[in-house]
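A short write-up of the structure that comes next.
The values are calculated or read from the model by the stated rules, or taken from the named source; none is laboratory data. Owing to the predicted nature of the structure, the values given are computational and were not obtained by experimental measurement. Positions of Cβ are generated from backbone atoms using ideal geometry, with glycine treated the same way; all protein chains shown enter the neighbour counts. Heads up: the accessible areas ignore ligands, DNA and RNA and are worked out on the full protein's heavy atoms, side chains in. Shrake-Rupley method; radii C 1.70, N 1.55, O 1.52, S 1.80 Å.
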Amino acid sequence: MLRGFYTAASGMLAQQRRTELLTNNMSNANTTGYKADQLSVRSFPEMLISSMGGETVPTESKLSMSNFFQVGGLSTGVYVQEANPLFTQGTLEETRLNTDISLVDENLPINEETGRQGSVFFTVQDGDGAIRYTRNGSFTLDGQGYLTAPSGHYVLNENNEKIQLDSDRFTVVENGVILEGNVQTARLGIGYSDDPSLQLMKDGEGLYKAVNDGDLPSAYAAADVSFSTEQGFLEGSNVDQSRTMTEMMSAYRSFEASQKVLQAYDKSLDKAVNEVGRL
């Protein structure tokens, strides 16, 4: 009976974690460049139950033996394995600001081993020199003319150097080149990951860092990779609000179902202790 108690409790914990993740997605539905998280829920290994009169332990190699009575399998509950961002393209929103730049995915190969599509990112750097990556192109110029991200990180060029401009009257060409007048000042540093779910992890404020503290290779040199940059546009969140609301309702109902099972077990235990125990 206690096994079922723990199984129901594990289901409640998993649905609670799922609800928290979906709520976070909904709260960032209007966040520029935000990538929705997806939860992976797995079940614990099942147990094979046999009658108490058996003289041997029911293992896989002994399933054909008839010296014990097989009752069947018992699920031991579920758990949250991991949460990974969904790196699909968000909707482009026009702002008409020169400092707003978006990345447009065109041809990004699918990783043959994992079946997931690659992605491209702006390369930025914090004050300590640490490299980070982002899809949020809502840039500004600081007091010294350096192009900076909303988090305060410096936007880097293709040589991982800070980009300093004379004014915000610059032009960004589709291939990432920045022009001041007719003079090429820099080229935006764009990193490419062939499997961002494995190679990157969230670092807050719309930033990602490499799992092994390395740098992503340049997207310009990656084979069969094509993308473009759009000035005056920002990439919106890829959160599907209607689908997220539906999944939240499903999570609530699954939580309530596990809760009712837990209450039923609690009542059964109460009767076993207070009523059957008197006999």
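Per-residue ellipticity at 222 nm from helix content only, as computed over the chain with -39500 (n - 2.57) for each DSSP H run of at least four residues, stands at -8000 deg cm²/dmol. Modelled spin-label separation between D168 and Y252, with each label point placed 7 Å from Cα along the Cα-to-Cβ direction: 4.2 nm. Heavy-atom accessible area for E20, with the other protein chains in place and a 1.4 Å probe, reaches approximately 100 Å².
Split the accessible area of the chain by element, probe 1.4 Å, and carbon with sulfur accounts for 48%. State the label only: which of (1) 28, 25, 18; (2) 54, 22, 15; (3) 44, 33, 17 corresponds to semi-axes √(5λ) of the Cα gyration tensor in Å computed from the shown model? For semi-axes √(5λ) of the Cα gyration tensor in Å, the calculated option is (2). Counting only residues at least eight positions apart within a chain, or on another chain, the aspartates and glutamates with an alpha carbon under 14 Å from that of K202 are D37, E82, D213. A cut-off under 11 angstrom between Cβ atoms defines the neighbours of G118, and their net charge, with Lys, Arg +1 and Asp, Glu -1, is -3. The string of couplings for the stretch 142-151 from the Karplus curve (6.51, -1.76, 1.60, θ = phi - 60°) is 7, x, 9, x, 7, 6, 10, 7, x, 7 Hz, one whole number per residue in order, with x for Gly and Pro.
Across the protein chains, with a 1.4 Å probe defining accessible surface, the residues I110, I190 rank I110, I190 from largest area downward. Size estimate for the stretch 167-252 follows the Kirkwood approach: the inverse of mean 1/r over distinct Cα pairs works out to 16.2 Å.
Under 5 Å between amide hydrogens, built in the peptide plane, is the criterion, and for R132 it picks out V124, Q125, D126 among residues at least 5 positions away or on other chains.
Here is the list for the stretch 177-279: GluC sites (Glu not before Pro) lying in DSSP coil, each with at most 15 other C-beta atoms within 10 angstrom of its C-beta, are E205, E275. Its Cα centre serving as origin, the chain has a Cβ charge dipole (Lys and Arg +1, Asp and Glu -1) of approximately 1500 debye.
Proximity of backbone amide H atoms, modeled 1.01 Å from N, is registered between V225 and no other residue at under 5 Å, excluding neighbours fewer than 5 places apart on the same chain. Applying the Karplus relation 6.51 cos²θ - 1.76 cosθ + 1.60 with θ = phi - 60° to the stretch 193-206 yields 3J(HN,Hα) values of 10, 7, 7, x, 5, 9, 8, 10, 9, 5, 10, x, 6, x Hz, where x marks Gly and Pro.
When the GluC sites (Glu not before Pro) in the stretch 109-160 are filtered for DSSP coil states and for at most 16 other beta-carbon atoms within 10 Å of their beta-carbon, the remaining sites are E112, E113.
Taking trypsin sites (Lys or Arg not before Pro) as exposed when their DSSP state is a loop state and no more than 14 other Cβ atoms lie within 10 Å, the longest site-free interval of the chain runs over 170-279. Probing with 1.4 Å while keeping every protein chain in the model, the per residue accessible area of the stretch 109-206 equals 49 Å².
Note the per residue figure in Å³ for the convex hull of the C-alpha positions in the stretch 115-196.
Expressed per residue, the convex hull around the Cα atoms of the stretch 115-196 is 96 Å³.
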